[in-house]
Amino acid sequence: MVLNLPTPYSGIRYVQFEHTDGYDLHQRYDVMKILHVDDSPEICQLYADMLSMGRHNVESVNDGKKGLEFALKNDYDLILLDICMPKYSGLEFIHDLKAKRPSEMKKVIIVSVLELSESHKNELLKLGIHSVEEKPSTIQKLETIKKDLLLQK
């Protein structure tokens, strides 16, 4: 698996973006705070190691309920979520997050080994998540998503 999130910026990067709502956004950023939720401790460690190389602050949790607790009490720039977890699925996580903290839904990216059908992906997107990605994710793809999320703030 190859993840390619950005290396730290030497200075502060400013991004200007015109929202469809008609207002301009000016966003400054250098490091993201990321929550990664996956039932596999090995995958959690792998993501944490790779994302931390870009000096991102990563919290990896291998329990869906614990991940939801983190998402409800902390502010994250990005939430990477496995959909298939045995005790508390990613779908349950999404429904509970939407009910309790809907503003965080746009930060959720489903990262799964499952090859979801287009209709399943569309149903997930209708719930308000950012996107659905298949494992392994590429760093370039996550970088694009990261920029998109930062611009939406």
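Every number in this text was worked out from the coordinates using simple rules, so none of it is lab data. Bear in mind the structure is a predicted one, so any value in this text is a computation, not a measurement. FYI the Cβ positions are ideal-geometry reconstructions off the backbone, even for glycines, and counts take in every protein chain you see.
Rounded, prolate or oblate: which fits the stretch 31-152 when a ≥ b ≥ c are the square roots of the eigenvalues of the alpha-carbon gyration tensor, with rounded for a/c under 1.5 and prolate only if a/b beats b/c? Since a/c stays below 1.5, the shape of the stretch 31-152 is classed as rounded. When the square roots of the Cα gyration tensor eigenvalues are ordered a ≥ b ≥ c, the ratio a/c for the stretch 26-85 is 1.5 or more and a/b does not exceed b/c, which makes its shape oblate.
Quick one: dipole size for the stretch 31-152, taken about the Cα centre, charges +1 on Lys/Arg Cβ and -1 on Asp/Glu Cβ, in debye to the nearest 20. The partial results should precede the final answer.
Details: 17 positive and 20 negative charges, 94 e Å.
The dipole of the stretch 31-152 has a size of about 460 debye.
Summing Lys, Arg as +1 and Asp, Glu as -1, what charge do residues with Cβ under 12 Å from the Cβ of Leu91 carry, Leu91 excluded? Provide the component values of the computation, followed by the final result.
On the way: positive: Lys98; negative: Asp82, Glu92, Asp96, Glu123.
Here the count lands on -3.
Could you work out the relative contact order of the stretch 31-152, using alpha carbon pairs under 8 angstrom and six or more residues apart, expressed as a whole percent? Walk me through the numbers before you get to the answer.
Values: 192 pairs, mean separation 26.4, N = 122.
Relative contact order here is 22 percent.
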